Amino acid sequence: MLPLSVEPGLKVFGHPDEKSPVFVTANFALTVKRVAKYLKDLDCYLLVAPTHGINVWCAAKGGNFTAHSVISVVKTSGIASKVINRTLILPQLAAPGVDTQLVRKEAGWHCKFGPVYAKDIPEYIAGGLKKTDAMCRVKWPLIDRLDAGIGVFFPVFLLILIILAIFLRTWLAEFVMLGWGLFFLMYSFYPFIPGRAGWHKLLFLEALIGVGLLGYIFLEAAESKYIRDLFFMAMGLVAVIGIDFGGVTPLYKSDLDPLLDKLGIRWIGPVDFTGRSKIIGGKIILDQTKCTPCGICYDICPRGVYEIEKDGHKMVAVKYPGLCVACEACVFQCPKGALSFKT
Amino acid sequence: MASYVFMKVLESSAQRYDVGINILSLGQSNKIKREIAGNYIATGDKVLEIGCGTGTLAILCAEKGALVTGFDVSPHMLAIARKKIQERNLVDRVQLKQMGAIEMDKAFDNEAFDKIMSTLVFSELYSDEQKYVLGEAYRVLKHGGLIIIADETRPNSLVKRTLQLLVRIPLMVITYVLTQTSTRTLKNIKSFLTDAGFEVIHQKKSLLNSFGLYVARKG
């Protein structure tokens, strides 16, 4: 309904032949636009799968980018008559949603997962359809941080602005300037703030402002209440802006939900947090007796949780479990059922 | 967390689908389902429902004595359908399958059904899918069998279209906020039916032409 989707189907780039690669993407308008930008100088096919106009990761995790979407576009687009290979290259972030074995059974095509970002596709093709480790990882560059941050902070900002406008009009200008100033600072320097994620970083910032305040009280002879209040305001704002640092990122799990759970807040309105807290506290379990090891988990993990160890014999290990964001792509894709998510 | 709240609300939206769709269609959805079951389904009919959702129409047909096979792509919708069917003791009359419409080629035999019905599904499919599904429907339907499609349609006249939008936009917002359900409108279905080999024998549009019922026969 919303004007964010494009008609699914086959798009042709350059002058592909029967051996050209076939890529698949979601039918969110911006996604297609971006993928097309990086494919325009290549010779390949792009199948735009019906995902209700939702982007790849959200659609895959939310049940809108599934094997059915892929089967549908494969069968209706007539791609089978254009190429002799039977391999679809899916975006890596589609891994939590697309049952590749069902695609194989119903449509007869083999699926492999390409790079996370469309911008890596030219290099991926040049490298003989091989992914580098960097191509497997989700990144969170400045522009994306500001984008996500504004989305989360802006409604809160407006709410506080309205409250201040009614009750505390004298602080409006300070609030606006300090609020956005801190917002840009915090999100710009996010990777450099010490602390693992979420409220760990928050605590560091609060302590920093606290030290600043103490310093000010000790050093300044003519102490002003106005400056002190500004310090307190900054502390409050930092808390508001950063309280769910982890929750707005694609790279960390939200720390706020388990915190709420610990405080005894189990639900807000219709939303129950308990299931969510379990996911956050959960971890990936690898059953070595079932592992073959094919390495698909290593190939599709957006966080680099796995490592393939080659000393003696090849085996897969859950090397960095702390990085896991519980997308469960590996659990879903493991052909032997060797992985499970223990909550 | 904000995104999580939204996600959680959307996840449970299947439970509110029935309510949502009825608000959005101003009661037309249930009315047209009763009409389909009442006018076109007979005792003993083997019926296929494409996109059975929460099972409302399948249940109405089963209660009339038909043997219904329904499939839907959403496991959440099917879970609700299963519950509703169990509550009404119709488990042996309604068979459910989780699959997409484009997987019909392997799932059903030629000329296996007397009637095929589908409400508010075709508008969710893009045009290539609609053509494909109609081709498959033609294959699995018996000679002389009927296909009954009901969906949101787009009025032809500009005045009616404007009127429809005026009614629809606020309704859409309310329905979406309450139930995260929405629909799209269907275009060109009549010519697609004819192209697939069907003969359109009955066509009805509701007030403002916003809801359409198409009945076609396999000759």
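Condition check ((1) at pLDDT 85 or above; (2) basic (K, R); (3) in contact with a His (Cβ under 6 Å, 6 or more places away or on another chain)) across all residues:
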site: B:K131; (1), (2), (3): yes, yes, no
site: B:R139; (1), (2), (3): yes, yes, no
site: B:P155; (1), (2), (3): no, no, no
site: B:L166; (1), (2), (3): no, no, no
site: B:L186; (1), (2), (3): no, no, no
site: B:E199; (1), (2), (3): yes, no, no
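Answer yes or no as to whether A:V98 is away from every other protein chain (no Cβ under 12 Å), open to solvent by less than 20 Å² (accessible area, probe 1.4 Å) and either of a type in the set (A, V, I, L, M) or outside any loop (DSSP other than H, G, I, E, B) (or both). Yes: the conditions hold for A:V98. Assess whether A:A67 counts as being within 13 Å of another protein chain (Cβ to nearest Cβ), in contact with an Asp or Glu (Cβ under 9 Å, 6 or more places away or on another chain), among the hydrophobic types (A, V, I, L, M, F, W, C) and touching a residue at least 24 places away in the same chain (Cβ under 8 Å). Against the criterion (within 13 Å of another protein chain (Cβ to nearest Cβ), in contact with an Asp or Glu (Cβ under 9 Å, 6 or more places away or on another chain), among the hydrophobic types (A, V, I, L, M, F, W, C) and touching a residue at least 24 places away in the same chain (Cβ under 8 Å)), A:A67 qualifies. Applying the condition of being of a type in the set (D, E, K, R) and out of contact with any Phe, Trp or Tyr (no Cβ under 9 Å at 6 or more places or on another chain) to region A:144-173 and asking which residue is most open to solvent (accessible area, probe 1.4 Å) yields A:R169.
Which members of region A:101-117 meet the condition of being open to solvent by 10 Å² or more (accessible area, probe 1.4 Å) and either charged (D, E, K, R) or in a helix (DSSP H, G or I) (or both)? A:Q101, A:L102, A:R104, A:K105, A:E106, A:A107, A:K112 - these are the residues of region A:101-117 that are open to solvent by 10 Å² or more (accessible area, probe 1.4 Å) and either charged (D, E, K, R) or in a helix (DSSP H, G or I) (or both). Residues of region A:73-95 that are within 16 Å of A:V48 (Cβ to Cβ), open to solvent by 40 Å² or more (accessible area, probe 1.4 Å) and more than 14 Å from chain B (Cβ to nearest Cβ): A:K82 alone. Restricting A:V74, A:V83 to those that are among the β-branched types (V, I, T) and assigned to a loop (DSSP other than H, G, I, E, B) reduces the list to A:V83. Taking region A:145-160 on its own, how many of its residues are in contact (Cβ under 8 Å) with a residue 40 or more places away in the chain and within 14 Å of another protein chain (Cβ to nearest Cβ)? Selection size over region A:145-160: 6.
Taken together, the residues in region B:1-55 that are at pLDDT 90 or above and either open to solvent by 60 Å² or more (accessible area, probe 1.4 Å) or of a type in the set (V, I, T) (or both) amount to 9. For region A:174-188, the condition of being assigned by TED's automatic domain parsing to the domain that holds A:D147, outside any helix (DSSP H, G or I) and without any contact (Cβ under 8 Å) to a residue 12 or more places away in the chain holds for none of the residues.
Of the residues screened, B:V133 is one that is surrounded by 23 or more Cβ atoms within 10 Å (Cβ to Cβ) and either of a type in the set (A, V, I, L, M, F, W, C) or not in a helix (DSSP H, G or I) (or both). Applying the criterion of being away from every other protein chain (no Cβ under 14 Å) and without any contact (Cβ under 8 Å) to a residue 40 or more places away in the chain to the residues of region B:71-85, the residue that is most open to solvent (accessible area, probe 1.4 Å) is B:K83. Name every residue in region A:1-16 that is touching a residue at least 60 places away in the same chain (Cβ under 8 Å) and more than 13 Å from chain B (Cβ to nearest Cβ), in order of residue number. Within region A:1-16, A:P16 is the sole residue that qualifies. Only residues that are in contact (Cβ under 8 Å) with a residue 12 or more places away in the chain and at the interface with chain B (Cβ under 10 Å from one of its Cβ atoms) were counted across region A:36-61, and they come to 4. The number of residues in region B:56-70 that are in contact with an Asp or Glu (Cβ under 9 Å, 6 or more places away or on another chain), farther than 10 Å from B:I85 by Cα and open to solvent by 30 Å² or more (accessible area, probe 1.4 Å) comes to 2. Taking the criterion of being closer than 22 Å to B:K142 by Cβ, part of a loop (DSSP other than H, G, I, E, B) and within 14 Å of another protein chain (Cβ to nearest Cβ), the only residue of region B:86-107 that qualifies is B:M99.
Here B:L171, B:L141 are screened, and the one residue that is more than 30 Å from B:T43 (Cα to Cα), aliphatic (A, V, I, L, M) and open to solvent by less than 60 Å² (accessible area, probe 1.4 Å) is B:L171.
The values are calculated or read from the model by the stated rules, or taken from the named source; none is laboratory data. All of these numbers come straight from a predicted model, not from anything done at the bench. Positions of Cβ are generated from backbone atoms using ideal geometry, with glycine treated the same way; all protein chains shown enter the neighbour counts. Ligands, DNA and RNA are excluded from the accessible area calculation, which covers all protein heavy atoms including side chains. Shrake-Rupley method; radii C 1.70, N 1.55, O 1.52, S 1.80 Å.
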